[in-house]
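Trainee: Got a structure for you, questions after.
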Amino acid sequence: MSLAKADETQKLRRVLSLRDLIFYGIVSVTPSAPATIFGLAEVKSGGHVVVTVLAAMVAMVLTAISYGRMAALYPSAGSAFAYVSRGLHPYLGFFAGWAMLLDYIFIPLFCVIYGTLSLQRAIPWMPFWAGSLMFAGGITILNLRGITYTARANDAMLLFMFGVLITFIVLAAKYLVVQHGVAGLFSLNPLYNRATFSVNHIASATSFAALTYLGFDAVTTLAEDVKDPRRNVLLACVVTCLFTGLFGGLLVYLAHLAWPDYLTFPNVETAFIDVTGRVGGRWLFQSMAMLLVVANIGAGLTGQVGAARLLFGMGREDVIPRRIFAQLHPVRNTPWINILLIGVLAYVGAQLMSYELTAELLNFGAFLGFMGVNLAVISQYWFRREQPSRRSFLLDMVLPSLGFLFCAVIWLGLNRPARIAGSVWLVVGFFVLAVHTRQFRRPMVMTDPSAYE
């Protein structure tokens, strides 16, 4: 691997604060993320959706620490691609980036699909093609305006989402007290129901419920947009995952208690909306449907930004055509070609893909990338150890190893169709890399990290 000089690279401007980055991460994951997986995860796990959300949180917090530590060394756009390339090997970094590219491409696609499904619950006469066009077109236009516009839009959407979700928590608690007394608020059934508890079912459901956290790593793709990235990226990653797990766990806990018979959901894909209707009536039903619309706009915005910046990072390294993917808008400083491309793919894919398959493919790419980043931490901090500080067996070996194992278990639990489709994507990536490196005879040129400072 050789390094390009700083003056040969294009740079993004550091304009985001830690607060912006945390808000960006929470909006990217969305505080309502468990609502999108609630119905299917509840059915798959036999009524143990709370367990699946908390189990996935462990894997994600460990992986978030690994992401933050690699971002401290390499505060650049490119995320898993950059970290695995420098921590392990450029070829492995390419495959990590290629896998994550599948994830990032499918995040806005998933948001377009689920956001339109939610919109149709509130406006049943809305054609799917029209709703998906509004979603894909809207997030693309906003992102073309620039990253500071995205951050301000995130602030407004967070206020609305928290308002509705806190209202749900209050009304769900009131509903349970009215129906069952104060004791109705406390139950072990969401955590362990002997009649339906199955380790295999929960493991499979956790692989699906992990979708709750996807998008947290988009924080690292803004490492060149944030002030003091060596500190702030790690903090933002961990805070995003912890908040999502704890707040989301509370949401699905109350939802399970309010609707314990998960086999009677009228619509399993949007079951959480029906739960809100039970505890708060028609107005909360409509509000939650619109919340999920807004949440998927927010996640689509940030997912599209993450995809565009990952393409930018790979294009700048000339892994994919530099003249196309490494172009920045001269005024707005955005990778505008990448944003347009992701917007078009999101709309077209929404017309062809199902909700469940899209979610599974998201996890296929994401967890391959997560495993690579955890291994990169072990290699970079334990074996290479170019930093002056002493090795830490806990931080440099134990935590990333556990993160790798948790992610591997979740990845292996994915359904067969997703593994087959994901494997085809990796085979395509193999041929792309072979062409780029002239049958693996030419080394990959990575940009000098000092270029990002």
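The values are calculated or read from the model by the stated rules, or taken from the named source; none is laboratory data. It should be emphasised that the depicted structure is a prediction, and the values quoted were computed from it without experimental measurement. In this analysis, Cβ positions are derived from the backbone assuming ideal geometry, glycine residues included, and neighbour counts consider all displayed protein chains. Heads up: the accessible areas ignore ligands, DNA and RNA and are worked out on the full protein's heavy atoms, side chains in. Shrake-Rupley method; radii C 1.70, N 1.55, O 1.52, S 1.80 Å.
Trainee: Residues in segment 264-281 that are surrounded by fewer than 18 Cβ atoms within 10 Å (Cβ to Cβ), within 12 Å of residue 171 (Cα to Cα) and not small (Gly, Ala, Ser): how many?
Mentor: Looking only at that region, the number is 1.
For every residue, the table says whether it meets (1) buried (at least 17 other Cβ atoms within 10 Å of the Cβ); (2) among the β-branched types (Val, Ile, Thr).
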{"site": "334", "(1), (2)": "yes, yes"}
{"site": "342", "(1), (2)": "yes, yes"}
{"site": "394", "(1), (2)": "no, no"}
{"site": "398", "(1), (2)": "no, yes"}
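Trainee: Residues of segment 96-122 being under 14 Å from the mean Cα position of the chain (by Cα) and either open to solvent by 10 Å² or more (accessible area, probe 1.4 Å) or not aromatic (Phe, Trp, Tyr) (or both), which ones?
Mentor: 99, 100, 101, 102, 103, 105, 106, 107, 108, 109, 110, 111, listed by residue number.
Trainee: Here is a further query. Yes or no: segment 271-278 includes at least one residue that is hydroxyl-bearing (Ser, Thr, Tyr), touching a Gly at 6+ places or on another chain (Cβ under 8 Å) and within 27 Å of residue 57 (Cβ to Cβ). Quick ask: steps written out before the conclusion?
Mentor: Going through segment 271-278, the residues hydroxyl-bearing (Ser, Thr, Tyr) turn out to be 276.
Next cut, touching a Gly at 6+ places or on another chain (Cβ under 8 Å) only: none.
So far as segment 271-278 goes, no, none of its residues is hydroxyl-bearing (Ser, Thr, Tyr), touching a Gly at 6+ places or on another chain (Cβ under 8 Å) and within 27 Å of residue 57 (Cβ to Cβ).
Trainee: Does residue 58 fit the bill of being over 28 Å from residue 316 (Cβ atoms), open to solvent by 10 Å² or more (accessible area, probe 1.4 Å) and over 18 Å from the mean Cα position of the chain (by Cα)? Talk me through it step by step, then tell me what you get.
Mentor: On the way: over 28 Å from residue 316 (Cβ atoms): yes; open to solvent by 10 Å² or more (accessible area, probe 1.4 Å): yes; over 18 Å from the mean Cα position of the chain (by Cα): no.
The answer is no for residue 58.
Trainee: Among the residues of segment 312-353, how many are among the β-branched types (Val, Ile, Thr) and in a helix (DSSP H, G or I)? Spell out the reasoning first.
Mentor: The initial filter retains those residues of segment 312-353 that are among the β-branched types (Val, Ile, Thr), namely 319-320, 324, 331, 334, 337, 339, 342, 344, 348.
Filter again for in a helix (DSSP H, G or I), leaving 324, 337, 339, 342, 344, 348.
Looking only at that region, the number is 6.
Trainee: Answer yes or no as to whether residue 404 is open to solvent by 80 Å² or more (accessible area, probe 1.4 Å), at pLDDT 90 or above and either closer than 18 Å to residue 99 by Cα or of a type in the set (Phe, Trp, Tyr) (or both).
Mentor: Working: open to solvent by 80 Å² or more (accessible area, probe 1.4 Å): no; at pLDDT 90 or above: yes; either closer than 18 Å to residue 99 by Cα or of a type in the set (Phe, Trp, Tyr) (or both): yes.
Here the answer is no, as residue 404 does not meet what is asked.
Trainee: Would you confirm, using the coordinates I've provided, whether residue 187 is surrounded by 15 or more Cβ atoms within 10 Å (Cβ to Cβ), at pLDDT 90 or above, more than 25 Å from the chain's Cα centre (by Cα) and not basic (Lys, Arg)? Step through it out loud before you land on a result.
Mentor: Details: surrounded by 15 or more Cβ atoms within 10 Å (Cβ to Cβ): yes; at pLDDT 90 or above: yes; more than 25 Å from the chain's Cα centre (by Cα): yes; not basic (Lys, Arg): yes.
Yes, satisfied.
Trainee: Taking the stated definitions as given, is residue 373 in a helix (DSSP H, G or I) and either at pLDDT below 80 or open to solvent by 10 Å² or more (accessible area, probe 1.4 Å) (or both)?
Mentor: Working: in a helix (DSSP H, G or I): yes; either at pLDDT below 80 or open to solvent by 10 Å² or more (accessible area, probe 1.4 Å) (or both): no.
In short, no.
Trainee: Here's a check for you: in segment 207-257, which residue that is among the aliphatic types (A, V, I, L, M), within 29 Å of residue 176 (Cα to Cα) and buried (at least 21 other Cβ atoms within 10 Å of the Cβ) is nearest to the chain's Cα centre (by Cα)?
Mentor: Pass one, segment 207-257, residues among the aliphatic types (A, V, I, L, M): 209-211, 214, 218-219, 222-223, 226, 233-236, 238-239, 242, 246, 250-252, 254-255, 257.
Then keep just the ones that are within 29 Å of residue 176 (Cα to Cα); that gives 209-211, 242, 246, 250-252, 254-255, 257.
Now narrow it down to the ones that are buried (at least 21 other Cβ atoms within 10 Å of the Cβ): 209-211, 251-252, 254-255, 257.
On the way: 209: 12, 210: 9, 211: 7, 251: 19, 252: 19, 254: 24, 255: 23, 257: 27 Å.
So the residue we want is 211.
Trainee: Please enumerate the residues belonging to segment 349-369 that are modelled with pLDDT of 90 or more and surrounded by fewer than 19 Cβ atoms within 10 Å (Cβ to Cβ).
Mentor: Correct list: 351 only.
Trainee: Could I ask something else about it? Six or more apart or on different chains, Cβ atoms under 7 Å: show the pairs whose first residue is in segment 40-68 and touching a residue at least 60 places away in the same chain (Cβ under 8 Å) and in a helix (DSSP H, G or I) and whose second is open to solvent by 20 Å² or more (accessible area, probe 1.4 Å) and polar (S, T, N, Q).
Mentor: Partner pairs satisfying both residue conditions: 44/204.
Trainee: Across segment 282-329, which residue is surrounded by the fewest Cβ atoms within 10 Å (Cβ to Cβ) among those that are polar (S, T, N, Q), within 30 Å of residue 251 (Cα to Cα) and out of contact with any Cys (no Cβ under 8 Å at 6 or more places or on another chain)? Steps first, answer last, please.
Mentor: Residues of segment 282-329 that are polar (S, T, N, Q), as a first pass: 286-287, 296, 302, 304, 327.
If we keep only those that are within 30 Å of residue 251 (Cα to Cα) as well, we get 286-287, 296, 302, 304.
Keeping just the survivors that are out of contact with any Cys (no Cβ under 8 Å at 6 or more places or on another chain) gives 286-287, 302, 304.
Values: 286: 17, 287: 20, 302: 32, 304: 32.
Result: 286.
Trainee: Another question about this same structure. Test of understanding: among 134, 157, which residue is at pLDDT below 85 and either of a type in the set (A, V, I, L, M, F, W, C) or outside any helix (DSSP H, G or I) (or both)? Please lay out each step first, then the result.
Mentor: Numbers: 134 fails: at pLDDT below 85.
Of the residues listed, the single one that is at pLDDT below 85 and either of a type in the set (A, V, I, L, M, F, W, C) or outside any helix (DSSP H, G or I) (or both) is 157.
Trainee: Continuing with the same structure: Looking only at segment 137-150, which residues are open to solvent by less than 10 Å² (accessible area, probe 1.4 Å) and assigned to a helix (DSSP H, G or I)? Steps first, answer last, please.
Mentor: Kept after step one, since they are open to solvent by less than 10 Å² (accessible area, probe 1.4 Å), are these residues of segment 137-150: 139, 143, 146, 150.
Answer for segment 137-150, where residues must be open to solvent by less than 10 Å² (accessible area, probe 1.4 Å) and assigned to a helix (DSSP H, G or I): 139, 143, 150.
Trainee: Condition check: under 20 Å from the mean Cα position of the chain (by Cα), touching a residue at least 24 places away in the same chain (Cβ under 8 Å) and within 17 Å of residue 97 (Cβ to Cβ). Does residue 364 satisfy that?
Mentor: Values: under 20 Å from the mean Cα position of the chain (by Cα): yes; touching a residue at least 24 places away in the same chain (Cβ under 8 Å): yes; within 17 Å of residue 97 (Cβ to Cβ): yes.
Answer is yes for this residue.
Trainee: Which members of segment 333-361 meet the condition of being over 23 Å from residue 36 (Cβ atoms) and touching a residue at least 40 places away in the same chain (Cβ under 8 Å)?
Mentor: Here is the first cut: in segment 333-361, the residues over 23 Å from residue 36 (Cβ atoms) are 333-341, 344.
Residues satisfying the conditions are 333, 334, 336, 339, 340, 344.
Trainee: How many residues does segment 354-368 hold that are in a helix (DSSP H, G or I) and either more than 18 Å from residue 409 (Cβ to Cβ) or of a type in the set (Gly, Ala, Ser) (or both)? Spell out how you get there, then give the answer.
Mentor: Start the filter on segment 354-368 by keeping residues that are in a helix (DSSP H, G or I), which leaves 355-368.
From what is left, the residues that are either more than 18 Å from residue 409 (Cβ to Cβ) or of a type in the set (Gly, Ala, Ser) (or both) are 355-359, 361, 365-366.
The total comes to 8.
Trainee: If you don't mind, another one. All but one of (1) within 19 Å of the chain's Cα centre (by Cα); (2) surrounded by fewer than 21 Cβ atoms within 10 Å (Cβ to Cβ) hold for residue 126, so report the exception by its number.
Mentor: (1)
Trainee: With respect to residue 414, is the statement that it is open to solvent by less than 70 Å² (accessible area, probe 1.4 Å), in contact (Cβ under 8 Å) with a residue 12 or more places away in the chain and outside any helix (DSSP H, G or I) true? Spell out the reasoning first.
Mentor: On the way: open to solvent by less than 70 Å² (accessible area, probe 1.4 Å): yes; in contact (Cβ under 8 Å) with a residue 12 or more places away in the chain: yes; outside any helix (DSSP H, G or I): yes.
Here the answer is yes, as residue 414 does meet what is asked.
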